[in-house]
Amino acid sequence: MSEYAPHDTFPNLLLHHARVRPRHPAVREKDLGIWQTWTWSEVAEEIAALAGGLAKLGFKRGDNLAIVGDNRPRLYWSMCAAQILGGVPVPMYQDAVTQELIFVLQDAEIKFAVVEDQEQVDKLIEARASCPLLSQILYDDPRGLRHYDEPFLHSIDEVQEAGRGHLREHPDFIAQEIAAGKGSDIAIMLYTSGTTGKPKGVCMTHAALLAAARGSCGFDRLDADEEVLSYLPMAWVGDNLFSYAQAMVAGFTVNCPESGDTVMTDLREIGPTFYFAPPRIFENLLTQVMIRMEDASALKRRVFSYFMEVARRCGAEILDGKPVRLADRLLYALGNFLIYGPLRNVLGMSRVRIAYTAGAAIGPDLFRFYRSIGINLKQLYGSTETCAYVCLQKDREIRLDTVGAPAPGVEVKIAANGEVLVKSAAMFEGYYKRPDATAETIDQDGYFHTGDAGYFDPDGQLKIIDRAKDVGQLANGALYAPNYIENKLKFFQYIREAVAFGNGRDQVCAFVNIDMGAVGNWAERRNIPYSGYTDLAQKPEVYELVRECIEQANAELAQDPMLADSQVRRFLILHKELDPDDDELTRTRKVRRGFVADKYRVLIDALYSERRSQFIETQVKFEDGRSGVVSAELAICDARSFAPQAAKQAA
Amino acid sequence: MRPTGEVILDLRNISLAFGGVKALTDISFDVREHEIRAIIGPNGAGKSSMLNVINGVYRPQQGEIVFRGEHRRNMNTYQAAKSGIARTFQNIALFRGMTVLDNIMTGRNLKMHCNLLQQALYWGAAQREELEHRRIVEEVIDFLEIQYIRKTPVGRLPYGLQKRVELGRALAAEPSILLLDEPMAGMNTEEKQDMCRFILDVNDEFGTTIVLIEHDMGVVMDISDRVVVLDYGRKIGDGAPADIRNSQDVIDAYLGVAH
């Protein structure tokens, strides 16, 4: 390999790191209770051996390599080994059932698969009946596979051993194979989860992934000394970026947890400096902390709540480098010593320099909590097709309700219908064997249609408000984004579900489902008796409680010039909880807007009339399959709205 | 049926009585290398007593035990443990205040050769030895998939996991024969399935011979190679699960018989 080879493919970068930082840890895995380390030069040797072995088994340029399993070093290595040989790794979700695997195996014409353990081997053997092309299966963990005598099964060890022999006979093999690769080759194929229709294989070139990885490494100044924990599914674009592409660009260390159940412990032991998690995980962590605080002694609880109040007042501002009173600064420093530092340590985030979240809207309290205890949590926006690289929040320019400005090298524009369009070097090549679908999402000018609706706020930060297909207009032409309004309402602990109406109307009205647990608890503490959901929902005190939440949301909406007209003017609390069994929600708990609108037409009409209440009778299905009727006179309540203002609101 | 080897443990005409209570009367059966041998029977049939005879807790008044070709009047516990017989108990017998790791480490006790002073100083041979023991214990932890509770005190674990830890401690002794006294009692279906899988895996991966007492007939019929049936201290059946299922004596013992 020439000293001056361009680093335009992942295999080239691997050689680069093996040369420049041979003794720097590249991968760690906790095994038998001990963190085992491989340096970059060791990793390069392991990958070369695996590539040699795969080649010997007949893996050829252009072949696709299925990878199924948890985040194991050798599965990451097989990705690189396939790339060396000019093949395309296709990571799949390890919890997929055989049927789902079969679809991908057939669609991607998989001949070779590398899998983690017996569980996956069993699935693939079962799948083989419908995937005749599948001819070789490699596995990492031999446990339970001793008596499998299928000739197409090989342990990775055995394949690597054969590979080492092959490389001794052909010492130039790896260098030649790498030299034959180009940046414009497909580096990886990720199947989209397929909530809408069949999954599609998203093909990404080395150049695109590297553009995303280089852009984001530069943006957050990631270097070889970062530590990350790879625990998110390998089939997800984010893991590919954070645990593979960025590591290959920056040369930092990727740590693989011992097992799925030990992630929290492993996180604490490693103390990553760069961390990604979806909002759900941050929420679970916070809940665990709060539950444990409940059990702490009274003194500890008081110290905790005192300093959490200090943090809420000035923590985020200190992190953002904004001016803060000296007294608060001193208090915060004390709190940092007593509470925030130990808390970060318990969360495994003592060393986190940068943490990202994405994938769903994050609640304001949650986001503020992490920032206020000194964790630099930021948001980003991206999708599989854009290598998870569209917008990133800049340090010190953190906002709760935006996803940041377009990342370096990314061009974002808003279509007439509000849809976010993206053009960048970090863009997928197309859907595998689906030119029709590709043509639908990438227009002639090369813009990718994300399907998300959003707009730029005056600072040039992108705000994602809804799926483009759900966005409409109010009668006066103002933007109307139901999900955005509903999410804002659902962030209140008392509101479980909300359905907003307003498309083509003069004002926004909403149905609300209260959270039975939270409101029930609230009512008990106030000695408000109730017999069940329907009864509780119609209590005047509960209406008052919900009205306060809605007015608070309205106040926030009023601060956004684009959405000020979307303030909720009238609402009612539904007499029953929206339920997937009654087809009102999908199984993933998304509101089926059209169905709900039809079913409760009388309520909507009442909301848009002068009425103060409306009678409704509804058929419900109980969990045991019987059905019954729930009826109630539902009160309709007005909520105060606020005059629009253009004030900025920082997180 | 899986291939099984030579007879390694042969119990001949064992009788055991506590005063006037005859716990076991003239019982003979053998255990082959690498097999899973179940002992079943109604409550009070003498199943646990039988296990206790095998590992030397009880001394039978009559009979002979042939273990790996050696004829003995009875076993004693130390000897039994030394020669590779490990067991778990019907009622969990773990150190509740100690972590999972430490509990399993106690399974290595017999294999530790350093004296107290060396271990206290933790230097030289003692350290090397501990590292080696720890490696084996970690392999057991990995095998039983309990990494996430490695440092958790046993008393805080649910019952099913405690049972698994107890199996882990027995495994840490690297036994050639494993005696399991009702390993699945009180477990829910999922825990039972997990435990079945571990028992089969132990048998498969380490070639360990397993003698188990179990009440769940489904489990017994699924995983054992041969079954001994006891009733009121007597052997009323011995054979492959399918034969036992059809034996009239066994059906009578379990379901009662019209007199």
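What follows draws every value from the coordinates through simple rules; no lab data is involved. Computed from a prediction, not measured in an experiment: that's the story for all the values here. Note that each Cβ is placed from the backbone with ideal geometry, even for glycine, and that neighbours are counted across all protein chains shown.
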Exercise for review: For a quick protection proxy, order the peptides B:131-144, B:158-171 by their average other-Cβ count within 10 Å, most packed first.
Suggested key: B:158-171, B:131-144
Revision key, fill the gap. Over chain B, the sum of -39500 (n - 2.57) across DSSP H runs of at least four, divided by residue number and rounded to 500 deg cm²/dmol, gives at 222 nm -11000 deg cm²/dmol
**Study point:** Share of alpha-carbon pairs per 10 Å distance bin for the range B:97-174, given as whole %
**Key:** 20, 48, 26, 5
Review point. Farthest toward the dipole's positive end in the protein assembly as shown, which of A:Pro233, B:Leu116, A:Leu210, given Cβ charges of +1 (Lys, Arg) and -1 (Asp, Glu) about the Cα centre?
Key: B:Leu116
Review point. Spin-label point model (7 Å from Cα, Cβ direction): what's the B:Glu70 to A:Arg351 distance in nm?
Key: 5.3
**Study point:** Helix-only CD estimate at 222 nm, as mean residue ellipticity for chain A, using -39500 (n - 2.57) per DSSP H run (n ≥ 4)
**Key:** -11000 deg cm²/dmol
Study note, to complete from the structure: Beyond 27 Å, the calculated P(r) of the range A:9-150 holds a percent of Cα-Cα pairs equal to 22
Review point. Rounded to whole Å and sorted largest first, what semi-axes of the equivalent ellipsoid does the C-alpha gyration tensor of the range A:472-638 yield via the square root of 5 times each eigenvalue?
Key: 25, 19, 15
Exercise for review: Please get the size of the charge dipole for chain B, origin at its Cα centre, with Cβ charges of +1 on Lys and Arg and -1 on Asp and Glu, quoted in debye to the nearest 20.
Suggested key: 880
Review point. Going out from 0 in 5 Å bins, what whole percent of all Cα-Cα distances in the range B:123-259 drops into each bin?
Key: 2, 9, 16, 18, 16, 13, 9, 7, 5, 3, 1, 1, 0, 0, 0
Check your understanding: When the chain is fully extended, how far beyond the present Cα-Cα distance does A:Arg313 get from A:Arg21, taking 0.36 nm per residue of separation?
Key -> 100.7 nm
Review point. Rounded to whole Å and sorted largest first, what semi-axes of the equivalent ellipsoid does the C-alpha gyration tensor of the range A:1-79 yield via the square root of 5 times each eigenvalue?
Key: 21, 20, 10
Exercise for review: Among B:Tyr254, A:Gln160, B:Leu94, pick out the residue whose Cα is farthest towards the positive end of the charge dipole of the protein assembly as shown, where Lys and Arg carry +1 and Asp and Glu carry -1 on C-beta, about the Cα centre.
Suggested key: B:Leu94
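How much of the DSSP beta bridge set in the protein assembly as shown is antiparallel, as a percent to the nearest 5?
The antiparallel proportion sits near 60 percent.
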**Study point:** A:Ile291/B:Leu200 FRET efficiency (R0 35 Å; Cβ-Cβ; nearest 0.05)
**Key:** 0.40
Check your understanding: Within the range A:300-327, what residues put their amide N at less than 14 Å from the label point 7 Å along the Cα-to-Cβ vector of A:Arg396?
Key -> A:317-324
Check your understanding: Could you give the distance between the Cα centres of the range A:320-355 and the range A:460-523, to the whole Å?
Key -> 34
Exercise for review: Extending each Cα 7 Å along its Cβ direction at A:Arg526 and B:Lys82, get the distance between those two points in nm, one decimal.
Suggested key: 7.6
Exercise for review: Inverting the mean 1/r over all pairs of different Cα atoms, compute the Kirkwood radius of the range A:67-170 and quote it in Å.
Suggested key: 14.0
Point to revise | Cα long-axis angle, helix A:40-57 against chain A (0 to 90 degrees, to the nearest 10) | key: 70
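Percent of Cα-Cα pairs more than 20 Å apart in the range A:136-220, please.
65
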Exercise for review: Can you tell me the 0 to 90 degree angle between the C-alpha axis of helix A:10-20 and the longest principal axis of chain A, rounded to 10?
Suggested key: 70
Revision key, fill the gap. Note: A:Ile281 to A:Arg325 extended length (0.36 nm per residue) minus current alpha-carbon separation gives 12.5 nm
Exercise for review: Note down the magnitude of the dipole of chain A about its Cα centre, charges +1 on Lys and Arg C-beta and -1 on Asp and Glu C-beta and zero elsewhere, to the nearest 20 debye.
Suggested key: 1660
Exercise for review: Report, in whole Å, the centroid distance computed from the Cα atoms of the range A:598-627 and the range A:565-596.
Suggested key: 11
Practice item. State log₁₀ I(q)/I(0) for chain B at q = 0.08, 0.12, 0.14, 0.17 Å⁻¹ as given by the Debye formula over alpha-carbon point scatterers of equal weight, solvent excluded. Key: -0.33, -0.74, -0.98, -1.35
Revision key, fill the gap. If every Lys and Arg gets +1 and every Asp and Glu gets -1 at its Cβ, then about the Cα centre the range B:97-174 yields a dipole, in debye to the nearest 20, of 220
Exercise for review: State the answer as a single residue: which of A:Val346, A:Pro279, A:Ala361 lies farthest towards the positive end of the charge dipole of the range A:277-381, with beta carbon charges of +1 for Lys and Arg and -1 for Asp and Glu, about the Cα centre.
Suggested key: A:Val346
Check your understanding: Shape of the range A:277-381 from its Cα gyration tensor (a ≥ b ≥ c, root eigenvalues): rounded if a/c is under 1.5, otherwise prolate when a/b > b/c, or oblate?
Key -> oblate
Study note, to complete from the structure: Final fewest-first order of A:Trp40, A:Trp236 on the 10 Å Cβ neighbour count is A:Trp236, A:Trp40
Check your understanding: Remind me, relative contact order of chain A in percent, using alpha carbon pairs under 8 angstrom and six or more residues apart?
Key -> 9
Exercise for review: Relative to the longest principal axis of the C-alpha atoms of chain A, give the angle of the C-alpha long axis of helix A:298-319, reported between 0 and 90° and rounded to the nearest 10°.
Suggested key: 80
Review point. Given labels modelled 7 Å from the Cα in the Cβ direction, how far is it in nm from A:Gln36 to B:Met98?
Key: 2.8
**Study point:** Potential extension, A:Thr586-A:Asp122 segment - 0.36 nm per residue separation minus Cα distance
**Key:** 163.9 nm
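Please order A:Lys423, B:Lys82, A:Lys463 by the number of other Cβ within 10 Å, starting at the fewest.
Fewest to most other Cβ atoms nearby, the residues stand as B:Lys82, A:Lys423, A:Lys463.
Over 35 Å, how big is the tail of the calculated P(r) for the range A:10-275, in percent of all Cα pairs?
Here the long-distance tail beyond 35 Å is 10 percent of all Cα pairs in the range A:10-275.
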Revision key, fill the gap. By Cβ neighbour count within 10 Å, fewest first, B:Tyr254, A:Tyr139 rank B:Tyr254, A:Tyr139
Exercise for review: Using only the alpha carbons, work out the radius of gyration and Dmax of the range B:41-194 in angstrom.
Suggested key: 17.1, 53
Review point. Normalized C-alpha radius of gyration of the range A:367-454, against 2.2 N^0.38 Å?
Key: 1.24
Review point. Using only Cα atoms, what is the ratio of the radius of gyration of the protein assembly as shown to 2.2 N^0.38 Å?
Key: 1.12
Exercise for review: Determine one quarter of the surface area of the Cα convex hull of the range A:486-566, which equals its mean projected area, and express it in nm² to one decimal.
Suggested key: 5.6
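Looking at this model, which pairs from A:Lys539/A:Lys599; A:Lys469/A:Lys539; B:Lys82/B:Lys163 are more than 26 angstrom apart at the alpha-carbon?
A:Lys469/A:Lys539
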